[in-house]
Amino acid sequence: MRPRISSNPLAVLLSHCVRSLVDLLLAQLSLGAVADARIGGRLAGGGGLSGGERRRASVGVALVGCPRAVLLDEGLSGLDGHSALLVASLLCALGAKADRLVALSVHQPSSHIFQLFDSLVLLGGGRLLYRGPPLAAAAALERRGAPAVPPGVAPADHLLHVLATTPLDA
């Protein structure tokens, strides 16, 4: 069966715009080589997408509708370091250049990803412990009783350690 081609110029233009957006997201998420692969085909013995490719595809699905707000819970989980940085960079660019709200929960950001954040929220024991610029977080927690960042330790790694091991003043 052949696809029906619309004679409506607006529908044709919209179709081209959507295709261009999909192609752009495929390129930005490094999914161009698997654009025609089945997402779930691997379990059935096919050549479907890997776990990281599936995660990046799910981020692409969330972005293709051009939402005003993007909320991703653990949107980087299951990705290798390079892919996680790729997705985080795309989300940061989307927030900055496309004027979108992007909220992403990340449990163990690399120092490169940590540096991309505009704002940081740290939670511990069900409480809000910090909200503000990422580079000010260590000093803020220090004022609440946390140890200083040791020389040679990345602030993101230090903050994770502090949140896991140090009781902080409310």
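The values are calculated or read from the model by the stated rules, or taken from the named source; none is laboratory data. Given the structure is predicted, the values throughout are model-derived calculations rather than measurements. With ideal geometry, Cβ positions are generated from the backbone for all residues, glycine too; neighbour counts draw on all protein chains shown. Accessible surface areas use protein heavy atoms only, side chains included; no ligands, DNA or RNA. Shrake-Rupley method; radii C 1.70, N 1.55, O 1.52, S 1.80 Å.
Listed conditions (1) under 24 Å from the mean Cα position of the chain (by Cα); (2) aliphatic (A, V, I, L, M); (3) at pLDDT 90 or above are all met by LEU123, apart from (3). Of all residues being aliphatic (A, V, I, L, M) and in contact (Cβ under 8 Å) with a residue 40 or more places away in the chain in the range 19-38, which is farthest from LEU79 (Cα to Cα)? Just the residue, please. Within the range 19-38, the match that is farthest from LEU79 (Cα to Cα) is LEU21.
Consider the range 75-95. How many of its residues are at negative phi and either without any contact (Cβ under 8 Å) to a residue 12 or more places away in the chain or of a type outside the set (A, V, I, L, M, F, W, C) (or both)?
First, the residues of the range 75-95 that are at negative phi: 75-77, 79-95.
Add one more test, that the residue is either without any contact (Cβ under 8 Å) to a residue 12 or more places away in the chain or of a type outside the set (A, V, I, L, M, F, W, C) (or both), and what stays is 75, 77, 80-83, 89, 93, 95.
Number satisfying all stated conditions: 9.
Which ones in the range 56-84 are within 16 Å of ALA27 (Cβ to Cβ) and surrounded by 15 or more Cβ atoms within 10 Å (Cβ to Cβ)? Passing the criteria: ARG56, ALA57, VAL59, GLY60, LEU63, SER83.
Do we find a residue being in contact (Cβ under 8 Å) with a residue 12 or more places away in the chain, exposed (fewer than 13 other Cβ atoms within 10 Å of the Cβ) and of a type outside the set (S, T, N, Q) anywhere in the range 143-151?
Filtering the range 143-151 down to residues in contact (Cβ under 8 Å) with a residue 12 or more places away in the chain leaves 144-147.
Then drop every residue that is not exposed (fewer than 13 other Cβ atoms within 10 Å of the Cβ), which leaves 145.
After this cut, where a residue has to be of a type outside the set (S, T, N, Q) as well, the list is 145.
Yes, the range 143-151 contains a residue that is in contact (Cβ under 8 Å) with a residue 12 or more places away in the chain, exposed (fewer than 13 other Cβ atoms within 10 Å of the Cβ) and of a type outside the set (S, T, N, Q).
Please indicate, with yes or no, whether at least one residue in the range 15-34 is in a loop (DSSP other than H, G, I, E, B), open to solvent by 50 Å² or more (accessible area, probe 1.4 Å), at pLDDT 85 or above and touching a helix residue (DSSP H, G or I) at 6+ places or on another chain (Cβ under 9 Å). Yes, that holds for at least one residue.
Remark: pairs (first residue in the range 116-134, closer than 19 Å to ALA84 by Cβ; second residue among the small types (Gly, Ala, Ser) and at pLDDT 90 or above; Cβ separation under 6 Å; 6+ apart in sequence or on different chains) = LEU116/ALA88; LEU120/ALA137.
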